[in-house]
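Contents: one structure, followed by commentary.
The values are calculated or read from the model by the stated rules, or taken from the named source; none is laboratory data. What you see is a predicted model; the values in this text were computed from it and never measured. For neighbour counting, all protein chains shown are included, and Cβ atoms are generated from backbone atoms with ideal geometry for every residue, glycine included.
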């Protein structure tokens, strides 16, 4: 699938897929797929929208809170030119976030987390103060963690566990799904990666049975069930689907929570849907975004994750250039975002950081082999 895709194009495809997916999915976030179809038919374009009833009319192409978290991770990686930890990202968070972000481009609960981040509490303990332990807060944003670990799936998972604790408690299943997200990107960045090889790496590196035993003494591997077995069940349930219309219906009896805060936005649902979409569309980035946007419920997260994965596999060639241009234009108009870099500037910065990391590894290897 990706034999002829250069690594630099994979980085660009990933960030473009995430940002376009998030921007296209944001206007219909929280709607069921039936409501989307009744109001829009099929959403296949960027739309203006408003959120929180705060009077801010967002230009078509405006991204959401997940991209804001991703941007903080990208900045941390660019400045460090290496893998990052929770403390690295915390320092960028408290430095670059704007006071007006909460309730506009960031979720209201992040105000509490930011207050904790500005204290002396260790970065890995900040997520303990989040009331919503299962959200896709980290899993929908940690693509840069996969990219700086391109090809190194094991370390991508380890870094996602570390960074996920900025937003959720260490034992939450959301942190484990963040590991799945980063693992999938690191795997998709490999030369010659395919949809099947990405799914294979997820099953290989995200079986957390041993980790569960080490953390809490459980002998039953229940956290593994919440990840690998749920993903396996989703893949089997949707194996017969031939288009995204069939896919969204197949999930109706599984993911239908309502009546509680953020009922649409849990990590297990978003990640399972995104990976099933990736298989359905055979890695095509535009088709992946289209499916995620029209899936209903957490549309921006699902479209961003599916688009980022497909973009890493196939680059951005299948993504219309006008969509990327419109997202960049909306970013330039966004007064609340933590930075206004273009998609290409962010992708190129990550690629340069990865090369710097690789050069250090090569230098270390040569030094040690010379002994």
Looking only at the range 126-139, which residues are within 17 Å of the chain's Cα centre (by Cα), within 10 Å of residue 168 (Cα to Cα) and modelled with pLDDT of 95 or more?
135, 136, 137, 138
Based on what the data block shows, is residue 353 part of a helix (DSSP H, G or I) and within 22 Å of residue 26 (Cα to Cα)?
no
Candidates 189, 123, filtered to the one that is at pLDDT 95 or above, farther than 17 Å from residue 15 by Cα and either more than 12 Å from the chain's Cα centre (by Cα) or surrounded by 24 or more Cβ atoms within 10 Å (Cβ to Cβ) (or both)
123
Criterion: in a helix (DSSP H, G or I) and crowded, with 17+ Cβ neighbours inside 10 Å - qualifying residue of 5, 15:
15
Test result for residue 102, free of Cβ contacts under 8 Å to residues at least 40 places away in the same chain and surrounded by fewer than 24 Cβ atoms within 10 Å (Cβ to Cβ)
yes
Search result, residues across the range 19-60 that are crowded, with 21+ Cβ neighbours inside 10 Å, under 22 Å from residue 102 (Cβ atoms) and in contact with a helix residue (DSSP H, G or I) (Cβ under 6 Å, 6 or more places away or on another chain):
19, 22, 23, 25, 26, 29
Could you please let me know if residue 181 is assigned to a helix (DSSP H, G or I), crowded, with 20+ Cβ neighbours inside 10 Å and under 13 Å from the mean Cα position of the chain (by Cα)?
yes
